[in-house]
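Encoded as structure tokens, the structure appears first; notes follow it.
The values are calculated or read from the model by the stated rules, or taken from the named source; none is laboratory data. Remember, predicted model here, so these are calculated numbers, not experimental data. Note: ideal-geometry Cβ built from the backbone for every residue, glycine included; neighbour counts use all protein chains shown. We work out accessible area using only protein heavy atoms, side chains counted, and drop any ligands, DNA or RNA first. Shrake-Rupley method; radii C 1.70, N 1.55, O 1.52, S 1.80 Å.
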Amino acid sequence: KAGVTQTPRYLIKTRGQQVTLSCSPISGHRSVSWYQQTPGQGLQFLFEYFSETQRNKGNFPGRFSGRQFSNSRSEMNVSTLELGDSALYLCASSFNQAGTEAFFGQGTRLTVV
Amino acid sequence: AQRVTQPEKLLSVFKGAPVELKCNYSYSGSPELFWYVQYSRQRLQLLLRHISRESIKGFTADLNKGETSFHLKKPFAQEEDSAMYYCALSATSGTYKYIFGTGTRLKVLA
């Protein structure tokens, strides 16, 4: 069974631009979460989607947004990019049940210059 | 508030020495606890979960509800254990979600 797929793997953008990242979850998984990973801050929760609805949101500015489609695929968008947005963005999918494993994608490495 | 705390950002030990990566949680209920690991150039993956009470790659973790802790232990560290370790909590009631700690980087020195 295919794992969680994130595209693109690498991105370089300039300050002020916007970016859209994509995540395809494992087939049958309806919960998709996004995380920002940086060396200094570790893994920080951005938001979680289930059945096209945002159920949880982390402490990030409104420039960070996301959505989920009917096939459970998810996108996240960052507008007005800042240098500090440079990070590895990870997507994870899971069944909508407590105690089940979260499966992570390889991530998208975003560099803002 | 629901929270997972990993107090150490970096832990360095010598090969063959015991390892303990600390994890404390705050949750008003009975959560499911996990340890995830990320080796260099690999994706984040599940190491073990408390409910299965298993030992993976020599690692064990015991849930201590009184101390709200879920520390990860290994009696003899190996160089290949060097990685980033994340403790995580899955809520068992209310709005389902995963909460991760900020991670501990383990370096096993030769």
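So the values come out like this:
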item	result
Residue in the range B:26-39 that is open to solvent by 40 Å² or more (accessible area, probe 1.4 Å), touching a residue at least 12 places away in the same chain (Cβ under 8 Å) and touching a strand residue (DSSP E or B) at 6+ places or on another chain (Cβ under 6 Å) present	yes
Check on B:ALA110, touching a helix residue (DSSP H, G or I) at 6+ places or on another chain (Cβ under 9 Å), over 27 Å from A:LEU88 (Cα atoms), open to solvent by 70 Å² or more (accessible area, probe 1.4 Å) and modelled with pLDDT of 90 or more	yes
Some residue of the range B:9-22 being closer than 14 Å to A:GLY42 by Cα and within 11 Å of the chain's Cα centre (by Cα)	no
Count of residues meeting criterion [in contact with a Cys (Cβ under 9 Å, 6 or more places away or on another chain) and either assigned to a loop (DSSP other than H, G, I, E, B) or closer than 11 Å to B:GLY103 by Cα (or both)] in the range B:8-31	3
Failed item in (1) in a strand (DSSP E or B); (2) facing chain B (nearest Cβ under 10 Å), with A:THR111 passing the rest	(2)
Tabulated pairs, the range A:19-46, first away from chain B (no Cβ under 13 Å) and closer than 12 Å to A:THR5 by Cβ, second buried (at least 22 other Cβ atoms within 10 Å of the Cβ) and at pLDDT below 95, C-beta under 6 angstrom, 6+ apart or interchain	A:PRO25/A:VAL32; A:PRO25/A:SER93
So A:GLU82, is it surrounded by fewer than 14 Cβ atoms within 10 Å (Cβ to Cβ), more than 14 Å from chain B (Cβ to nearest Cβ), farther than 26 Å from B:SER52 by Cα and touching a residue at least 24 places away in the same chain (Cβ under 8 Å)	yes
Count of the range B:16-45 residues which are at pLDDT below 90 and in contact with a helix residue (DSSP H, G or I) (Cβ under 7 Å, 6 or more places away or on another chain)	1
Residue in the range B:59-77 that is closer than 23 Å to A:LEU90 by Cα and not hydrophobic (A, V, I, L, M, F, W, C) present	no
Pair list, Cβ under 8 Å, 6 or more apart: the range B:45-71 residue more than 17 Å from B:ALA83 (Cβ to Cβ), other residue polar (S, T, N, Q) and open to solvent by less than 50 Å² (accessible area, probe 1.4 Å)	B:LEU63/B:SER69; B:THR68/B:SER26
Of all residues making up the range B:41-62, the number that are surrounded by fewer than 18 Cβ atoms within 10 Å (Cβ to Cβ), away from every other protein chain (no Cβ under 11 Å) and of a type in the set (A, V, I, L, M)	1
Verdict on B:LYS9 being more than 9 Å from chain A (Cβ to nearest Cβ), of a type in the set (Lys, Arg) and open to solvent by 70 Å² or more (accessible area, probe 1.4 Å)	no
